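Undergrad: Supplied in structure tokens, the structure appears directly below.
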Amino acid sequence: MAATTNAPTFFFFILLLSSSFSFYTARANPNYRDALAKSLLFFQGQRSGRIPNGQQIAWRSNSGLYDGELAHVDLTGGYYDAGDNVKFNLPMAFTTTMLSWGALEYGARMGSELPNTRAAIRWATDYLLKCATATPGKLYVGVGDPNVDHKCWERPEDMDTVRTVYSVSAANPGSDVAGETAAALAAASLVFRRVDRKYSGLLLATAKKVFQFAVEHRGSYSDSLGSAVCPFYCSYSGYKDELVWGATWLLRATNDVRYFNLLKSLGGDDVPDIFSWDNKYAGAHVLLSRRALLNNDKNFDSYKQKAESFMCRILPNSPYSSTQYTQGGLMFKLPQSNLQYVTSITFLLTTYSKYMSAAKHTFNCGGVLVTPTSLKNLAKQQVDYILGVNPLKMSYMVGFGKNFPKRIHHRGSSLPSKASHPQAIGCDGGFQPFFYSYNPNPNILTGAVVGGPNQNDGFPDDRSDYSHSEPATYINAALVGPLAFFSGKTK
């Protein structure tokens with residue numbers, strides 16, 4: 001949503017925004033290292049399958065142990081995407097790609113959290129490998145009927161809903177979910193290259209095959225699977241962005257010119273003002289611009305220009321900005337789960353800032369000079385807001401700070417654990433007295449970042465208000481990198 005075309009109002013808005021930012025930043029001193037540790041701990045709370053020894057989110061236990069059985073394959077493992085009990089592979093694969101990118105860019109700043117980051121990635125890639133290799137000619141892309149699941153409020157440990165298995169194939173293509181799966185496996189292969197060469201090799205070989213399938217059998221999984229994925233994780237942007245994204249990651253992992261040639265053959269890309277599990281163009285442009293900035297490779301200059309056009313649409317003082325900000329300084333893109341866009345875009349801000357610093361590069365948005373510090377400061381304001389530097393003084397990360405969401409929209413968190421309530425809670429059993437209760441959730445889902453406040457910086461902390469109170473793996477995954485980036489800084 002464009003700020004406004006009325007010049008005096010626009011500049012007043014920017015002035016107001018700047019004063020808001022400085023007002024809250026003056027009080028900022030979040031513990032980024034603690035937030036990083038907690039953001040990774042959250043993924044343990046989303047685990048599906050057999051819970052391993054050493055699990056720190058102790059109220060979770062085994063679930064989904066028969067996933068895949070309806071298709072006579074083993075599809076146990078992976079993550080529940082948000083507060084439900086479904087495994088959707090499009091957002092799960094994007095989560096994996098972003099965790100991997102974070103490890104690649106910021107691993108040196110993660111310290112003791114780097115092994116935890118790898119563990120979070122591997123929990124997903126072990127599952128994605130099963131999905132890609134269990135049946136020749138098929139890519140499994142989800143487990144659990146979302147329409148049935150969303151009518152229930154039960155712990156994952158008690159699931160008694162049908163665990164329908166969904167797949168794409170040559171006859172029912174899914175270039176979007178296949179392209180993202182290839183990106184995830186390729187990115188993860190780089191994370192494990194120095195620590196587990198055999199596993200890294202398996203990831204990369206599988207990524208190539210899955211991507212080849214995505215390219216050769218083009219089509220959207222939304223068309224193939226319909227109500228099994230729509231409107232939940234419909235591929236609204238189409239599948240071309242995932243082909244660009246997959247080719248970008250395979251080029252990074254292999255340096256094979258065929259992937260660059262494919263990028264060129266795909267033609268011009270959109271230059272959006274958003275980056276998410278659905279729309280990957282901005283992420284691909286930033287990653288490809290790395291070669292232009294760090295390697296001075298002129299073949300990638302067009303991607304650098306697109307990356308900078310994106311930044312000009314995000315920066316509040318840019319004449320080309322199409323990004324709204326709340327009075328408290330939070331980027332506001334869409335009303336439903338807005339923090340997913342904030343964390344993903346913030347990742348691109350810190351990463352492009354990092355590339356610019358290394359290349360001693362600046363650029364202009366109209367007459368406004370943009371330096372690495374410009375991007376870094378905006379990124380810091382967004383991270384700090386999420387961690388409690390905001391008008392409500394509320395941290396939107398569960399368990400971080402003194403004031404955080406207590407009634408998140410999350411089945412496992414809102415229902416008593418198996419240890420405290422061994423009896424099964426059926427499909428309808430969780431609504432009364434738990435879902436509709438005003439009591440805080442009995443289980444703390446440490447590190448979970450919720451959908452966040454509304455455009456007026458308000459947050460009701462209401463379990464039934466899923467667009468603001470539901471956490472999701474892809475919100476957290478994109479925040480891990482920026483948290484690592486700032487945890488390495490002196491405050």
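The values are calculated or read from the model by the stated rules, or taken from the named source; none is laboratory data. Being a predicted model, the structure only gives us computed values, none of them experimental. Counting neighbours? That spans all protein chains shown, and the Cβs are built from the backbone with ideal geometry, glycine included. To get the accessible areas, we keep the full protein, side chains included, count just its heavy atoms, and leave off ligands, DNA and RNA. Shrake-Rupley method; radii C 1.70, N 1.55, O 1.52, S 1.80 Å.
Undergrad: Hey, among the residues in region 355-370 that are within 19 Å of Thr323 (Cβ to Cβ) and surrounded by 15 or more Cβ atoms within 10 Å (Cβ to Cβ), which one's farthest from the chain's Cα centre (by Cα)? Break it down stepwise before answering.
TA: Applying the first criterion (within 19 Å of Thr323 (Cβ to Cβ)) to region 355-370 yields 363-370.
Now narrow it down to the ones that are surrounded by 15 or more Cβ atoms within 10 Å (Cβ to Cβ): 363, 365, 368, 370.
Details: Phe363: 28, Cys365: 27, Val368: 30, Val370: 26 Å.
This residue is Val368.
Conditions tested, residue by residue: (1) of a type in the set (Val, Ile, Thr); (2) open to solvent by less than 10 Å² (accessible area, probe 1.4 Å).
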| site | (1), (2) |
| --- | --- |
| Val168 | yes, yes |
| Ser175 | no, yes |
| Glu180 | no, yes |
| Asp196 | no, no |
| Leu202 | no, no |
| Arg218 | no, no |
| Leu225 | no, no |
| Ser237 | no, no |
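Undergrad: Quickly run through region 382-419 and pick out the residues that are of a type in the set (Ser, Thr, Tyr), over 21 Å from Val480 (Cα atoms) and either surrounded by 21 or more Cβ atoms within 10 Å (Cβ to Cβ) or in contact with a Leu (Cβ under 6 Å, 6 or more places away or on another chain) (or both).
TA: Ser413, Ser414
Undergrad: Same structure, new question: Does Gly447 satisfy the criteria of being at pLDDT 95 or above, in contact with an Asp or Glu (Cβ under 6 Å, 6 or more places away or on another chain), open to solvent by less than 10 Å² (accessible area, probe 1.4 Å) and assigned to a loop (DSSP other than H, G, I, E, B)?
TA: Details: at pLDDT 95 or above: yes; in contact with an Asp or Glu (Cβ under 6 Å, 6 or more places away or on another chain): no; open to solvent by less than 10 Å² (accessible area, probe 1.4 Å): yes; assigned to a loop (DSSP other than H, G, I, E, B): yes.
The answer is no for Gly447.
Undergrad: When both residues are 6+ apart or on different chains and their Cβ atoms are under 8 Å apart, which pairs have a first residue that lies in region 457-469 and is at positive phi, and a second that is crowded, with 20+ Cβ neighbours inside 10 Å and among the hydroxyl-bearing types (Ser, Thr, Tyr)?
TA: Correct list of pairs: Asp457/Thr326; Asp461/Ser469.
Undergrad: Still on this structure, I have one more. Spot the failing condition for Lys491; the list is (1) under 27 Å from Leu348 (Cα atoms); (2) in a loop (DSSP other than H, G, I, E, B); (3) modelled with pLDDT of 95 or more, and only one is missed.
TA: Answer for Lys491: the failing condition is (3).
Undergrad: Among the residues of region 83-97, which ones are of a type outside the set (A, V, I, L, M) and in a helix (DSSP H, G or I)? Give the steps one after another, and end with the answer.
TA: In the first step, residues of region 83-97 are kept if they are of a type outside the set (A, V, I, L, M); the result is 83-85, 87-89, 91, 94-97.
Selection gives Asn89, Pro91, Phe94, Thr95, Thr96, Thr97.
Undergrad: Could I ask something else about it? Applying the selection to region 113-124, what residues are open to solvent by less than 20 Å² (accessible area, probe 1.4 Å) and either more than 24 Å from Ser175 (Cβ to Cβ) or modelled with pLDDT under 95 (or both)?
TA: Initially, region 113-124 is screened for residues open to solvent by less than 20 Å² (accessible area, probe 1.4 Å), giving 117, 120-121, 124.
Correct list: Thr117, Ala120.
Undergrad: A further question on this structure: Under 9 Å by Cβ, and 6 or more places apart or on different chains, what pairs join a residue from region 121-132 that is free of Cβ contacts under 8 Å to residues at least 60 places away in the same chain with one that is crowded, with 24+ Cβ neighbours inside 10 Å and of a type in the set (Phe, Trp, Tyr)?
TA: Partner pairs satisfying both residue conditions: Cys131/Tyr140.
Conditions (1) small (Gly, Ala, Ser); (2) touching a residue at least 12 places away in the same chain (Cβ under 8 Å); (3) out of contact with any Lys or Arg (no Cβ under 6 Å at 6 or more places or on another chain); (4) in a loop (DSSP other than H, G, I, E, B), marked per residue:
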position: Ala37; (1), (2), (3), (4): yes, yes, yes, no
position: Phe43; (1), (2), (3), (4): no, yes, yes, no
position: Gln55; (1), (2), (3), (4): no, no, yes, yes
position: Asp67; (1), (2), (3), (4): no, yes, no, yes
position: Leu70; (1), (2), (3), (4): no, yes, yes, no
position: Val73; (1), (2), (3), (4): no, yes, yes, yes
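Undergrad: For region 423-436, state whether one or more residues are open to solvent by less than 10 Å² (accessible area, probe 1.4 Å) and either within 28 Å of Leu99 (Cα to Cα) or assigned to a helix (DSSP H, G or I) (or both).
TA: no
Undergrad: Give the residue, chosen from Met110, Met92, that is open to solvent by less than 10 Å² (accessible area, probe 1.4 Å) and out of contact with any strand residue (DSSP E or B) (no Cβ under 8 Å at 6 or more places or on another chain).
TA: Values: Met92 fails: out of contact with any strand residue (DSSP E or B) (no Cβ under 8 Å at 6 or more places or on another chain).
It is Met110.
Undergrad: Another question about this same structure. Anything in region 374-389 that is part of a helix (DSSP H, G or I) and among the β-branched types (Val, Ile, Thr)? List them, or say none.
TA: First, pick out the residues of region 374-389 that are part of a helix (DSSP H, G or I): 374-386.
Passing the criteria: Val383, Ile386.
Undergrad: Show the residue pairs that are 6+ apart or on different chains and have beta-carbon atoms under 9 Å apart, the first residue being within region 224-242 and closer than 21 Å to Ala171 by Cα, the second being in a helix (DSSP H, G or I) and open to solvent by 30 Å² or more (accessible area, probe 1.4 Å).
TA: Matching pairs, first to second residue: Ser227/Asn147; Ala228/Asn147; Ser235/Asp223.
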